Amino acid sequence: GAVVSQHPSWVICKSGTSVKIECRSLDFQATTMFWYRQFPKQSLMLMATSNEGSKATYEQGVEKDKFLINHASLTLSTLTVTSAHPEDSSFYICSARVPGQDSPLHFGNGTRLTVT
Amino acid sequence: AQSVTQLDSQVPVFEEAPVELRCNYSSSVSVYLFWYVQYPNQGLQLLLKYLSGSTLVKGINGFEAEFNKSQTSFHLRKPSVHISDTAEYFCAVSAALSGNTPLVFGKGTRLSVIA
């Protein structure tokens, strides 16, 4: 089945630094990837839709200058949290859909970000 | 726009007992419905999906769900739960299965199976 790999699975960084999270589709090409954020014991909130070769589309309330998304290839999308603050600590999950098929989203295993 | 309501935030149940996790949705267009399971600090795993056809869909791990259009519901059921079913369960809806259409999730239901 379709596999989405996310790296790293967890990261701790100091306030003010930047962190990059990678999302790869391992056995298919994903023209579109979705980035979600999950606060503790809450649901997944869509942050942005990442399209290969073009700018990401951000949801209302998501700072695009803080959460930089790059989708430079058909198998890789990255989310960079810039100048991280403790309130950015969260669980970030990417997902992708196999193109050309009526299929559900496949999710990565998520990245636990802790900003100290 | 679509929305999903999971009526129960937590459901405790004894091992081998049946369970039902409730999900209602709202949409002005036809939708596709999904249930995902999330174990601690992990991503989401698809349990089952309703795309079309039979309203009773069977998924992995013995789970099933029934699509009820008149009641706009998609409740998840399992006749006999195991300790290993303890997890967070999310109901989700999508207006399409392609392109830039994301999933909209409910707030989740924490299923706790008690020995």
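Please treat every number below as a calculation from the coordinates, not as lab data. This structure is a prediction, so every number in the text was calculated from the model and none was measured. We place every Cβ from the backbone using ideal geometry, glycine too, and count neighbours over all the protein chains shown.
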| query | Most exposed first by the Cβ proxy, i.e. fewest other Cβ within 10 Å, how do A:LEU26, B:LEU76 rank? | reply | A:LEU26, B:LEU76
| What cysteines in chain A have no other cysteine with a beta carbon less than 4.7 Å from their beta carbon? | A:CYS13
| field | For the protein assembly as shown, with +1 on Lys and Arg beta carbons and -1 on Asp and Glu, the positive-most of A:GLY110, B:ALA65, A:MET33 along the dipole | value | A:MET33
| remark: Excluding residues fewer than 8 positions from A:LYS66 in its own chain, the lysines with Cα under 23 Å of it are A:LYS14, A:LYS20, A:LYS55
| field | Cα-based shape type of chain B, given that a ≥ b ≥ c are square roots of the gyration tensor eigenvalues and the cut on a/c is 1.5 | value | prolate
| task | For the range B:95-114 and the range A:1-61, compute the distance between their C-alpha centroids and round to whole Å. | result | 16
| Local electrostatic count, A:SER43, Cβ distance below 14 Å [Lys/Arg +1, Asp/Glu -1] | +1
| said: Let me check I've understood the local charge: for B:SER80, count other residues with C-beta under 9 angstrom from its C-beta, Lys and Arg +1, Asp and Glu -1. What total comes out? | reply: -1
| message | For the pair B:SER52/B:TYR39, report the inter-label distance in nm, with labels modelled 7 Å from Cα in the Cβ direction. | response | 3.5
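Report the percentage of all Cα-Cα pairs in the protein assembly as shown whose separation exceeds 33 Å, rounded to a whole percent. List each step's numbers first, then the result.
Working: 4453 of 26565 pairs.
Tail fraction, whole percent: 17.
Between B:SER112 and B:SER27, what length comes free when the chain is fully extended (0.36 nm per residue of separation minus the Cα-Cα distance, one decimal in nm)?
Numbers: separation 85, 0.36 × 85 = 30.60 nm, distance 3.00 nm.
Working it through step by step, the gained length comes to 27.6 nm.
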| query | Can you give the net charge of the other residues whose Cβ lies under 9 Å from the Cβ of B:THR5, counting K and R as +1 and D and E as -1? | reply | +2
| Whole-angstrom gap from the range A:85-106 to the range B:28-93, using each part's C-alpha centre | 18
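Gain in length, A:LYS55 to A:SER73, computed as 0.36 nm per residue apart minus the alpha-carbon separation, to one decimal in nm? Before the final figure, lay out each step's value.
Values: separation 18, 0.36 × 18 = 6.48 nm, distance 1.26 nm.
Taking 0.36 nm per residue and subtracting the Cα distance, the gain is 5.2 nm.
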| query | Mind checking the dipole of the range B:36-115: about its Cα centre, +1 per Lys or Arg Cβ, -1 per Asp or Glu Cβ, Debye to the nearest 20? | reply | 100
| said: Which of the three applies to chain A, rounded, prolate or oblate, going by the alpha-carbon gyration tensor with a ≥ b ≥ c and a/c under 1.5 meaning rounded? | reply: prolate
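Using the Cα atoms of the range B:8-66 to build a convex hull, what is its mean projected area in square nanometres?
Answer in nm², one decimal: 5.3.
Averaged over its residues, how many other protein chain Cβ atoms are within 10 Å of peptide B:95-106's Cβ atoms? Mind dumping the intermediate values first?
Numbers: counts 0, 2, 7, 8, 6, 8, 5, 13, 9, 4, 7, 2.
The shielding value for this peptide is 6.
Normalising by the residue count of chain A, find the relative contact order in percent from Cα pairs under 8 Å and 6+ residues apart. Mind dumping the intermediate values first?
Numbers: 297 pairs, mean separation 42.9, N = 116.
Rounded, it is 37 percent for chain A.
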